[in-house]
Every structure is written in structure tokens, then in C-alpha cells.
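Taking it in order: structure first as C-alpha cells, then the write-up.
Derivation of every value follows stated rules applied to the coordinates shown; laboratory data play no part. Remember, predicted model here, so these are calculated numbers, not experimental data. Neighbour counts are summed over all protein chains in view; Cβ atoms, including those assigned to glycine, are modelled from backbone coordinates with ideal geometry.
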Number of protein chains: 2
Amino acid sequence: MTQKNFTIGVLANKAGVTVETIRFYQRRGLLAVPVKPLKGVRHYTEGDAQRVRFIKEGQKLGFTLDEITELLSLEEDRHCREVKVIALKKLGLIRERIESLRKMESTLSDLVERCAGNNDSIACPIIESLSQASK
Amino acid sequence: MTQKNFTIGVLANKAGVTVETIRFYQRRGLLAVPVKPLKGVRHYTEGDAQRVRFIKEGQKLGFTLDEITELLSLEEDRHCREVKVIALKKLGLIRERIESLRKMESTLSDLVERCAGNNDSIACPIIESLSQASK
DNA sequence: ATAGGCACCGTACCCAGGTACGGAGACAAG
DNA sequence: CTTGTCTCCGTACCTGGGTACGGTGCCTAT
């Protein structure tokens, strides 16, 4: 379980990232740097691989590395409440971003629809709209 | 119309950005640098203010500065077709982003719902999910 | 014992869209 | 005519999440 059994390159491979990314996570404090024997290279465990996968899953849900650091610190013991708070905040942010993009989508699709797309029309509605600066 | 009438600070104010931003747009080639009289400061026109507002409107619709540069170059004459192509590409990207965020939102809201939020439960579904690394 | 391939480490660079700093010149008010 | 506020200009820095480089050390197979 605590057995150190593979090198950084193998760890990177197992977790689906590059060696540079592992080292980057170590610098960011997301991943511990294992003790280096006076002669030889550092050794990593299955737990390290699991941790990197946790980070990647967190990113897929939209969490930043700072948030993931916090989530990792809440991994052990019962911290459901704290975790839920972080998740709800992220959920709110995601919904805001969706709403903001939805507005862009709506305006832009309307403009595109109104744009003939031939170069004959009096004026391009898209250009017109940008020039209006309606605020 | 072509009358040069105000300074960079006034331009920034009119357009709702900072002086630094104006200078940044000049470096990026979005905005021309007016001739500087041998003695004195550069002067800007209402057209410059209009152009900065165009840039800001473009950003609100999700366009990058590079895309806005292109849109600005298509402002004059009839380039409706080319403009529409750019807008459609952007629209596609926005829709992709919405879809990606929607998936996050769905997964995360499901997890949040399943999370009791008290620290008593056996295991936090959110932490569990991140640890699964289901890919 | 030596060659090739990793590991180690510090540091610099990438993207986008700015923001900040600092010295020097210009200009308007008092 | 001096003081204070702009302007001008080059350059460095910021966020986030990495990617790249280059010299050296270590390990393994031949």
C-alpha cells in the first residue's frame, strides 16, 4: 500500500499527463515530492497516481487547481459540508457563465440570421450592431 | 469630422477604458497612433472613440482581439459574407462552450443534490466521484 | 565501461487581455 | 515660474495551467 514502486515517468503515464505536469503539480503543492534516496531517483505509489486522477477529474468539473487543493485537503475524514459549499459556489459560477454565454449566443444567432451573407445588402447587421455601441 | 479634438485620457474616458488599454490596443494594431506634433501631445477623434466602442462591443459578443481586428478591416464596403463566416464560427464555439459547461453543471448539480451536506454520512458523493476517476 | 534513455532541477516561455511602473516631457492654473 | 496633472514610452508583471530547454546525474543493457 505504502510501497514505493514506480518512477515519475510511469506515474505520468498512469495518470495520463506529462512528466512536466507532475512536476508542475509538485511545485503548486498539489502533489508531495517523495524523498529522494541519496543515490537514485524518487519513487511514486499508486496513491500518487490516484491523486493525479482526482485532480484531473476535478478539472473536468470546472474546479481550479486552488479549489482542488482545498478539496484534496478535505478528502479524508468527514468534510461533506465544506465540500458541498465549494461545489455549490462552483455550480453558481458555472451557471453564471452559461447564462453569459447564452446571452452572447442569443444576440449573435439573431444577428447571423438577419445577415443576408451576400455582399449586396445595404449594410451588414453584424457590423451595424457593433458600431451602435448600444452598451 | 476628421477634426482632431481630444487627448488620450479623454478618449479612454469616452470609451470606458483606461489609458493603458488604449495604448495596449495601439500596440496590438487595433487602433492607429495619431501623428504627434513636434511639440505637444497626440490628438484623437470621435472616430477613434467609436472604434474603441466597436472593440468593446465585439468582446461582449465573445470575439477575440484578433477576430475584432479582422472585423474592423471588414467594416467599410460590403463584406457581409466574410463577416458572417467569422460570426458563424464564433457562434459554433460559443455553443460548444455552453454544451461543455452544461455537462459540468449537470454532473455537479447531481452530485450536490446527492450530498447530504452534513458531516455524518458514510462518504461524500462529491469526493467519491472525484476519487472514482471514471474517465 | 560505455551509450542511450530517463530523472532532476532551475528557469524561461506560452496564451489573452490587459495592468503597473518609472522617468521624462508637456501644458494649464495660480 | 512653479506646481501638479497629463502624456509619452519602454518595459515588466499579472492570472491559470501548463510546456519547453538545457545541463547534469543516475540507471540499465550490452
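Figures for the structure shown
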{"item": "Per-residue ³J(HN,Hα) for the range B:31-36, Karplus 6.51 cos²θ - 1.76 cosθ + 1.60, θ = phi - 60°, Hz, x for Gly and Pro", "result": "9, 6, 8, x, 4, 9"}
{"item": "Amide H partners (placed H, <5 Å) of A:TYR44, local residues excluded", "result": "A:ASN5, A:PHE6, A:THR7"}
{"item": "Spin-label pair A:LEU65/A:SER109, simplified geometry with 7 Å Cα→Cβ offset, distance in nm", "result": "3.6 nm"}
{"item": "For A:SER131, A:SER73, B:SER129, order by how many other beta-carbon atoms lie within 10 Å, fewest first", "result": "A:SER73, A:SER131, B:SER129"}
{"item": "Descending principal axes extents, chain B, alpha-carbon based, whole Å", "result": "76, 37, 20"}
{"item": "Gain in span if fully extended, A:ARG81 to A:GLN50, counting 0.36 nm per residue against the direct Cα distance", "result": "8.9 nm"}
{"item": "Contour minus Cα-Cα distance for A:ASN5 and A:ARG23 (0.36 nm per residue)", "result": "4.7 nm"}
{"item": "In degrees, nearest ten, helix B:80-114 long axis to first principal axis of chain B (Cα)", "result": "30 degrees"}
{"item": "Neighbouring partner chain Cβ atoms per residue of A:94-105, average, 10 Å criterion", "result": "6"}
{"item": "Angle between chain A longest axis and helix A:46-60 axis [Cα atoms, degrees, rounded to 10]", "result": "10 degrees"}
{"item": "Distance violations [Cα-Cα > 32 Å] among B:LYS14/B:LYS84; A:LYS89/B:LYS14; A:LYS14/B:LYS89; B:LYS14/B:LYS36; A:LYS60/A:LYS103", "result": "A:LYS89/B:LYS14; A:LYS14/B:LYS89"}
{"item": "The range A:14-77: GluC sites (Glu not before Pro) falling in loop per DSSP and having at most 10 other Cβ within 10 Å", "result": "A:GLU76"}
{"item": "Residue exposure sequence - B:ILE22, A:ILE8 - by fewest surrounding Cβ within 10 Å", "result": "A:ILE8, B:ILE22"}
{"item": "Partnerless Cys - chain A, beta-carbon criterion under 4.7 Å", "result": "A:CYS115"}
{"item": "Ascending list, in nanometres, of distances separating the B:GLY9 label from those of the other copies (7 Å, Cα toward Cβ)", "result": "6.1"}
{"item": "Extent along principal axes [Cα atoms of the protein assembly as shown; Å; largest to smallest]", "result": "77, 45, 33"}
{"item": "Cα-based Rg / Dmax (Å) for the range A:1-62", "result": "11.5, 40"}
